[in-house]
Amino acid sequence: MAIETVSAGGGNIEVSFLQQVGSDPFTPTLERTAQIREVAARIADFISQARASLDIAIYDFQLRDEAAALLTNALRERAKNNVVIRIIYDAAIDLDTAGSPAHLEADRKRPGTE
């Protein structure tokens, strides 16, 4: 099924629907680790292509380990280059108390700052 997308700003829109490997997301397996790495690299590559603005809508945005490093580095690099970044995600969990090593700081910092 093809989904037609249109960008008012003239940029690219990418829509992806992914299904996790394995039946238990809390049981680490080699296949699941490889899938997490592949998805994080795909998103980091997309982020690195942003030139003026970046809007991400993602249901589950829990970042840990290598995936956290890939995505936060890509986001910070774009922010340093004055890319406006907006992320919307499911707030059913509190990232500050969930023990996630990557915290989204965009609402506390000006673009281009660390």
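Points to keep in mind about this one:
- Candidate set: region 14-36, residues that are modelled with pLDDT of 85 or more and either of a type in the set (Asp, Glu) or within 28 Å of residue 84 (Cβ to Cβ) (or both); chosen: the one most open to solvent (accessible area, probe 1.4 Å): 31
- Members of region 58-87 that are within 27 Å of residue 33 (Cβ to Cβ), open to solvent by 90 Å² or more (accessible area, probe 1.4 Å) and not in a loop (DSSP other than H, G, I, E, B): 65, 66, 73, 76
- Matching residues, region 39-57, being surrounded by 13 or more Cβ atoms within 10 Å (Cβ to Cβ) and charged (D, E, K, R): 42, 55
- Residue match in region 58-70 (condition: within 25 Å of residue 10 (Cβ to Cβ) and modelled with pLDDT under 90): yes
- Scanning region 88-114 for residues that are surrounded by 13 or more Cβ atoms within 10 Å (Cβ to Cβ) and either modelled with pLDDT of 55 or more or part of a loop (DSSP other than H, G, I, E, B) (or both) yields 89, 93, 95, 100, 102, 104, 105, 111.
- Residues located in region 63-93, provided they are among the charged types (D, E, K, R), over 16 Å from residue 46 (Cβ atoms) and over 13 Å from the mean Cα position of the chain (by Cα): 65, 80
The values are calculated or read from the model by the stated rules, or taken from the named source; none is laboratory data. What you see is a predicted model; the values in this text were computed from it and never measured. Note that we place each Cβ from the backbone using ideal geometry, even for glycine, and neighbour counts take in every protein chain shown. Surface areas here come from the heavy atoms of the whole protein model, side chains and all, with no ligands, DNA or RNA. Shrake-Rupley method; radii C 1.70, N 1.55, O 1.52, S 1.80 Å.
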